[in-house]
1. Suppose the filter is at pLDDT 95 or above and either open to solvent by less than 30 Å² (accessible area, probe 1.4 Å) or not in a helix (DSSP H, G or I) (or both); does A:VAL65 pass it?
2. Take the range A:107-116 and flag every residue that is open to solvent by less than 50 Å² (accessible area, probe 1.4 Å) and in contact (Cβ under 8 Å) with a residue 40 or more places away in the chain.
3. Please list, ordered by first then second residue, the pairs with beta carbon atoms under 7 Å, 6 or more apart or interchain, first in the range B:41-52 and more than 20 Å from A:ASP125 (Cα to Cα), second among the basic types (Lys, Arg).
4. Of B:LYS80, B:LYS65, B:LYS136, which residue is on the phi < 0 side of the Ramachandran plot, in contact (Cβ under 8 Å) with a residue 60 or more places away in the chain and open to solvent by 50 Å² or more (accessible area, probe 1.4 Å)?
5. Suppose the filter is outside any helix (DSSP H, G or I) and away from chain A (no Cβ under 14 Å); does B:ASP83 pass it?
6. Is there a residue in the range B:123-133 that is under 16 Å from the mean Cα position of the chain (by Cα), in a helix (DSSP H, G or I), of a type outside the set (Gly, Ala, Ser) and farther than 25 Å from A:SER37 by Cβ?
7. Run A:GLU119 past the list (1) within 17 Å of A:LEU62 (Cβ to Cβ); (2) open to solvent by 20 Å² or more (accessible area, probe 1.4 Å); (3) within 14 Å of chain B (Cβ to nearest Cβ) and report the number of the one that doesn't hold.
8. Could you go through the range A:125-138 and let me know if any residue there is outside any loop (DSSP other than H, G, I, E, B), within 11 Å of the chain's Cα centre (by Cα), buried (at least 17 other Cβ atoms within 10 Å of the Cβ) and within 9 Å of another protein chain (Cβ to nearest Cβ).
Amino acid sequence: MRIPGALGGVGASEVPRSRPPPRSPTWSCRLFTVYPSTKVYFPHLSSCQDATQLLSHGQRMLAAVGAAVQHMDHLRAALSPLADLHALVLRVDPANFPLLIQCFHVVLASHLQDEFTVEMQAAWDKFLTGVAVVLTEKYR
Amino acid sequence: MGAKGEYYPSKLIGKVLKIFCISNFVFDMVSFHRLLVVYPWTQRFFDSFGNLSSPSAILGNPKVKAHGKKVLTSFGDAIKNMDNLKTTFAKLSELHCDKLHVDPENFKLLGNVMVIILATHFGKEFTPEVQAAWQKLVSAVAIALAHKYH
């Protein structure tokens, strides 16, 4: 899969490190607020009130994205255990991945503002869509 | 609550709208340009627009800018008629189906791009609640635009 190697001119792995990430459980809480139907997959997290749990969950997901970035040219192999988990245990409907991707974009955009150029968005969108494809391709 | 039971947190939308009108933010061209670059297959509807060969070509294209303005004017109509979107967009929906042959998926793509641009502009002020309000609006506009498809 051909993805702009620097994910829009900034190494994607640099993005979380070059700017201190927001301390609040931004990503997960935003997902639940904007797309409430996604809460069904997280009954233990759905209130947005337990900041520690939300932060932990958001960080786990971000770590998985970071790992995917490190193995951009071998996504299937790198994400195979996660793909198994999603297919056999979590069984998240594939329609939810674009919702998560949109929230990821919005968090990046609101954090980076002018630095979130059109090229960066294109690269991140292509990459995250590729991750979603890999995570759902074992479903059947 | 709208007449037909729709609920749009209009205060959240109004606040963002007022701020970006005052700041003279070039929202129209930017959102359309971003759509054509991030989702290049959307260029299929604009063969007559001339040079769309690169992000900078798209940004400098006067037809892209003009069309972006048209789209945003329509979106302004949406904000003024939030409780009556299907009627407001009935003719536009017919046009996009019968003459322009635009896949309704593209309306969702543009809506999402507009939300992202708002986020780049408003930063921390673009809270989850504000995003939720705008996502709901752009989604409703997309549904209204697809309503007359047959």
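1. no
2. Within the range A:107-116, A:VAL107, A:LEU108, A:LEU112 qualify.
3. Here the result reads B:PHE49/B:LYS63; B:GLY50/B:LYS63, each pair linking the range B:41-52 to a residue that is among the basic types (Lys, Arg).
4. B:LYS136
5. yes
6. Checked the range B:123-133: no residue is under 16 Å from the mean Cα position of the chain (by Cα), in a helix (DSSP H, G or I), of a type outside the set (Gly, Ala, Ser) and farther than 25 Å from A:SER37 by Cβ.
7. (1)
8. Yes, the conditions are met somewhere in the range A:125-138.
The values are calculated or read from the model by the stated rules, or taken from the named source; none is laboratory data. These numbers come from a predicted model, not from an experiment. In this analysis, Cβ positions are derived from the backbone assuming ideal geometry, glycine residues included, and neighbour counts consider all displayed protein chains. When the accessible area is computed, the model is the full protein with side chains, heavy atoms only, and any ligands, DNA or RNA have been set aside. Shrake-Rupley method; radii C 1.70, N 1.55, O 1.52, S 1.80 Å.
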